[in-house]
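Participant: Just passing along the structure, written as structure tokens.
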Amino acid sequence: MPTRRTSPRRSATRPSGLYERPPEPMFDEVDDRPGGSSLAGAAPWLAVIALVLAAAAVGFVVFGRLFGGDLTACRTAAWTAIPNAKSLPTDWQLSSTDLNANGMTISILGPVPPDSSTKQPAVYASITCYGDAAAAALEENRTAAEAAGSTVTSRTADGEAYDVDNGVTGSRTTLFRVGGLVGQIADGGSANESDLAAITSAVAAAMGNKTAAGTSAVNPPDAASGSEEPLASDDGSLEPTPSSVAPELEADLPKSIQGTPLTISSYTGEETMPATPTSRALAARLRSLGVQLKDLQFAQASDDTYSIDITVFGFRVPGLDPAKLKTAVLEAWLGANQPGVKQTTITLGGKSLLKIDYGVDGPIDYVYTTADHVIVIDTADPNAATEAATQIK
């Protein structure tokens, strides 16, 4: 699923959506929330596990040697692992951050294009505290990604750093760990290999080990020939054509916010679920309810120009009780049942929504449920949230 973006992250990859923003794919996704996150609309997203994620959410009080069993220390390390701006490639800059209960999603923007027809390069990084579950999470994610048909290529001799290439979304996600922290770097093809390698190294350094991410064996930085610019496809476009598998669900999302048109796309669970940590956790929960991922419909509305801070997600599973879908989204994808996360029923835009406040600076999630689907509004702007609530159906 496409991944969730940060302001102008999501300006997260919110990553752009679930994905991998979104990937969004879903999950986009770095994301990133308690039990998972949502780097989402961003480049099709980041990933890290099914069963281990669920186990990590249940047993988060058990931590590894690096943090001496201290949950606060582990989370703090993730929250402060912001790369040094001076270590980024020329003309790249830190754009925004999206804090969640167990980590941080960071959007990093490249050189501003000379004209509006060219999309500004963007890379999304997610750093999440998994404690003792970090190594197992990476291994489970590798297994799940391969089972889903993605190509997994090791970046280090021990295999604890690797690239996941998703043939469906055309995205690549790099995963690695430093102690109890798991790092994920998502790019949809907009950054050249040298810049992507430098950004990955900078994030690893911020996590405590500059070499932890290893080196890409898929397209090493020195393997590029001629121009560093990515080659355009025959139709002149570097971006995949937006998917639309659930037009009815797309119609229930807002079309524009504060005068800015939103890009809306939809996917099946099979296309998006392997993309991010939160999406994997949601996939595991849905499977436990007897849902096949191909039956999950996921839609996302986000601002591709990153001028406004909002991403709206829609979930629908034909035949599944919406109350069960809502619980799955709240607990597995948003981590709303974690200690310290506050849930409040409010009226917004004339509708009753559940407000999910993580108690930290950053986006707040608003959950709306109908007899057919579940919609999540993700933004730090209360005015944008109200406008979106007015439009959703």
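Participant: Only one of these conditions is not met by D372: (1) over 17 Å from A389 (Cα atoms); (2) modelled with pLDDT of 90 or more. Which number is it?
Facilitator: Condition (1) is where D372 drops out.
Participant: Continuing with the same structure: Of the conditions (1) open to solvent by 10 Å² or more (accessible area, probe 1.4 Å); (2) under 30 Å from L71 (Cα atoms), T390 satisfies every one except a single condition; which number is it?
Facilitator: Failed condition: (2).
Participant: Could you name every one of the strands (runs of 3 or more DSSP E) located completely within the stretch 64-143 that has at least 2 residues being closer than 20 Å to N209 by Cα and polar (S, T, N, Q)? Reasoning before the result, please.
Facilitator: Details: elements: 93-100, 103-109, 122-129.
Fully inside the stretch 64-143 and qualifying: 122-129.
Participant: Which of the residues spanning the stretch 345-368 are among the β-branched types (V, I, T) and open to solvent by 50 Å² or more (accessible area, probe 1.4 Å)? Break it down into steps so the answer makes sense when it comes.
Facilitator: Of all residues in the stretch 345-368, those among the β-branched types (V, I, T) come to 345-347, 356, 360, 364, 367.
Passing the criteria: T345, T347.
Participant: In the stretch 97-136, what residues are surrounded by 24 or more Cβ atoms within 10 Å (Cβ to Cβ) and of a type in the set (S, T, Y)?
Facilitator: Listed by number, the residues that qualify are T105, S107, Y124, S126, T128, Y130.
Participant: Name every residue in the stretch 157-215 that is in contact with a Lys or Arg (Cβ under 6 Å, 6 or more places away or on another chain) and on the phi > 0 side of the Ramachandran plot, in order of residue number.
Facilitator: G214
Participant: For the stretch 290-316, give me each residue that is more than 17 Å from A388 (Cα to Cα) and crowded, with 24+ Cβ neighbours inside 10 Å. Explain how you work it out, then say what you get.
Facilitator: So the first thing to find is which residues in the stretch 290-316 are more than 17 Å from A388 (Cα to Cα), and the list is 290-298, 305, 316.
Listed by number, the residues that qualify are L296, F298.
Participant: Which pairs have Cβ atoms under 8 Å, sit 6 or more apart or on different chains, and link a residue in the stretch 332-346 that is part of a loop (DSSP other than H, G, I, E, B) to one that is of a type in the set (D, E, K, R) and surrounded by 19 or more Cβ atoms within 10 Å (Cβ to Cβ)?
Facilitator: Cβ pairs passing all conditions: L334/R33; L334/D365; G335/R33; A336/D365; N337/E331.
Participant: Just wondering, is there one or more residues in the stretch 190-197 that are touching a Phe, Trp or Tyr at 6+ places or on another chain (Cβ under 8 Å), modelled with pLDDT of 90 or more, open to solvent by less than 70 Å² (accessible area, probe 1.4 Å) and of a type in the set (A, V, I, L, M, F, W, C)? Spell out the reasoning first.
Facilitator: In the first step, residues of the stretch 190-197 are kept if they are touching a Phe, Trp or Tyr at 6+ places or on another chain (Cβ under 8 Å); the result is 195.
Now narrow it down to the ones that are modelled with pLDDT of 90 or more: 195.
Adding the requirement that they be open to solvent by less than 70 Å² (accessible area, probe 1.4 Å) leaves 195.
Next, only the ones that are of a type in the set (A, V, I, L, M, F, W, C) stay: none.
Within the stretch 190-197, none of the residues are touching a Phe, Trp or Tyr at 6+ places or on another chain (Cβ under 8 Å), modelled with pLDDT of 90 or more, open to solvent by less than 70 Å² (accessible area, probe 1.4 Å) and of a type in the set (A, V, I, L, M, F, W, C).
Participant: Residues of the stretch 277-289 being hydroxyl-bearing (S, T, Y) and open to solvent by 60 Å² or more (accessible area, probe 1.4 Å), which ones?
Facilitator: Listed by number, the list holds a single entry, S288.
The values are calculated or read from the model by the stated rules, or taken from the named source; none is laboratory data. Just so it is clear, the structure is predicted and the values come from calculations on it, not from any experiment. Using ideal geometry, Cβ is built from the backbone for each residue, glycine included, and neighbour counts are taken over all protein chains shown. Just so you know, the surface numbers come from the protein's heavy atoms only, side chains and all, with ligands and any DNA or RNA stripped out. Shrake-Rupley method; radii C 1.70, N 1.55, O 1.52, S 1.80 Å.
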